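Presented below is the structure to which this report refers.
Read the figures in this text as sums done on the coordinates, not as results from a lab. All values reported here derive from a predicted model rather than from experimental measurement. Please note: Cβ atoms are built from the backbone with ideal geometry, for glycine as well, and neighbour counts cover all protein chains shown.
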Amino acid sequence: MRTRITAMTLAAGVLAAAGLIGVSSADAGAATLSCGNKQYFTGSAGHAGGSLRCTGGAFVAMATCYKPGYGNYTHYGNRVETGGTSTVWCDLGATITELTGRAS
């Protein structure tokens, strides 16, 4: 019984360490992204949209949207590989206040 508990404790420790390593590498990936070519547009129904291109790793576009009477919220675009273009849309009646790339 003691061996079984020790093995379970060891496994939990390994999983926790792997989670910490994952957070560190995600933060490192975000620091290496280089994004540009931001474009803003309006969809056919009036939705605010934006796109950007990043290099340095896979990423998603991240828009901070503002809607009167609601406030700020975040929407994410499609995941693309380095050099690709990710597009994100806000809700109808909202505007994009910030457009950035986030490593994914």
**Report entry** Ordering of 74-85, 49-60 by burial proxy (mean other Cβ atoms within 10 Å per residue, highest first)
**Finding:** 49-60, 74-85
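What dipole magnitude, in Debye to the nearest 20, does the stretch 35-104 give about its Cα centre under +1 on Lys/Arg Cβ and -1 on Asp/Glu Cβ? Intermediate results must be reported in sequence, preceding the final value.
Values: 5 positive and 3 negative charges, 13 e Å.
I would put it at about 60 debye.
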Query - Chain lengthening between residue 55 and residue 72 when straightened (0.36 nm per residue, less Cα-Cα) - result: 3.4 nm
**Report entry** Using θ = phi - 60° and Karplus 6.51 cos²θ - 1.76 cosθ + 1.60, couplings along the stretch 93-104 (whole Hz; Gly, Pro as x)
**Finding:** x, 9, 10, 8, 9, 8, 10, 9, x, 10, 4, 9
**Report entry** Karplus-derived HN-Hα couplings along the stretch 57-74 (A = 6.51, B = -1.76, C = 1.60, θ = phi - 60°), whole Hz, x at Gly and Pro
**Finding:** x, 5, 7, 10, 6, 10, 10, 8, 9, 10, 10, x, x, 10, x, 8, 8, 10
